[in-house]
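Trainee: This structure is in structure tokens; I'll ask about it shortly.
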Amino acid sequence: MILSDKRILEEMEKGTIKVVPYDRECLGSNSYDVHLGKTLATYKDHQIDAKKHNKIELFEIPDEGIVLYPHIFYLGVTLEYTETHAHVPFLEGKSSTGRLGIDIHATAGKGDVGFCGNWTLEISVKQPVKVYKGMPIGQLIYFPVEGEIEIKYDQKKNSKYSHQPDVPVESMMWKNKF
């Protein structure tokens with residue numbers, strides 16, 4: 001079951017869902033639209049290693065926009081900071097974004113109960129496309145959780161992505177033991 005607009009507003013009132021900045025115009029029937037932040041990143045090395053801390057290079061999107069190219073993997077970030085304390089948030093692309101050939105996540109569309117931060121976007125494009133900071137990029141939908149949560153994501157000692165800043169965050173796979 002997905003939360004409706006009225007239920008999202010009720011949960012925001014209770015403090016279990018937080019979106020900053022919040023704009024009522026971005027609340028859909030059962031989702032909340034999020035926007036592309038001002039910063040993008042690419043990995044510095046062309047070959048990355050899952051066991052290594054791969055460094056990224058940050059750059060800002062100019063006011064006139066920037067063209068993204070296929071075969072380059074970009075990390076972006078949502079303009080919005082979010083907190084979700086009682087629901088599972090899912091981040092999906094908007095249909096308008098998809099129709100431009102923009103994918104906003106490779107695999108990580110689901111958050112955890114207790115996630116607090118800006119969402120890092122895993123952006124790839126099908127053909128060259130110009131993007132702009134502040135453009136609608138995706139939508140958050142919220143699912144209720146069955147049962148009580150033992151430890152929320154932001155309280156786990158091994159949570160690698162809680163309290164993400166308003167810039168893209170690189171993979172922390174290297175922190176896993178394998």
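Trainee: What does the convex hull of the Cα atoms of the range 90-138 come to per residue, in Å³, rounded to a whole number? Could the numbers behind the result be given before it?
Mentor: On the way: hull volume 3.7 nm³, N = 49.
Hull volume normalised by residue count: 76 Å³.
Trainee: While we're on this one: Return the Rg/Rh ratio of the range 16-116 with Cα-based radii and a Kirkwood Rh. List each step's numbers first, then the result.
Mentor: Working: Rg = 15.3 Å, Rh = 15.6 Å.
Taking Rh as the inverse mean 1/r over Cα pairs, Rg/Rh reads 0.98.
Trainee: Run the quick spin-label model on Phe178 and Tyr69: label points 7 Å from Cα toward the beta carbon, then report their separation in nm to one decimal.
Mentor: 3.0
Trainee: While we're here: Loop-only GluC sites (Glu not before Pro) in the range 1-73, please: DSSP not H, G, I, E or B, and at most 16 other Cβ atoms within 10 Å. Walk me through the intermediate numbers first.
Mentor: Working: sites: Glu10, Glu11, Glu13, Glu25, Glu57, Glu60, Glu64; in loops: Glu64.
Within the range 1-73, the qualifying GluC sites (Glu not before Pro) (loop, at most 16 other Cβ atoms within 10 Å) are Glu64.
Trainee: Can I ask one more? Just the number, please: Stokes-Einstein D of the range 96-168 in µm²/s, Kirkwood Rh from C-alpha pairs, 37 °C, 0.692 mPa s. Working shown, then result.
Mentor: Working: Rh = 14.4 Å.
Translational D for this selection: 228 µm²/s.
Trainee: Find the Rg to Rh ratio for the chain, where Rh is the Kirkwood radius over alpha-carbon pairs and Rg uses the same atoms. Please list the in-between numbers first.
Mentor: Details: Rg = 16.4 Å, Rh = 16.9 Å.
Rounded to two decimals, Rg over Rh is 0.97.
Trainee: Could I ask something else about it? Which FRET efficiency value, to the nearest 0.05, is calculated for Lys126 and Leu58 with the Förster distance at 22 angstrom and r the Cβ-Cβ distance?
Mentor: 0.35
Trainee: For the peptides 147-155, 92-100, what is the packing order when you average, over each peptide's residues, the other Cβ atoms within 10 Å and list the highest mean first?
Mentor: Numbers: 147-155: 11.9, 92-100: 14.9.
My ranking of the peptides, most packed first, is 92-100, 147-155.
Coordinate-derived values only; no laboratory data. Since this is a predicted model, take the numbers as computed values, not measurements. Note: ideal-geometry Cβ built from the backbone for every residue, glycine included; neighbour counts use all protein chains shown.
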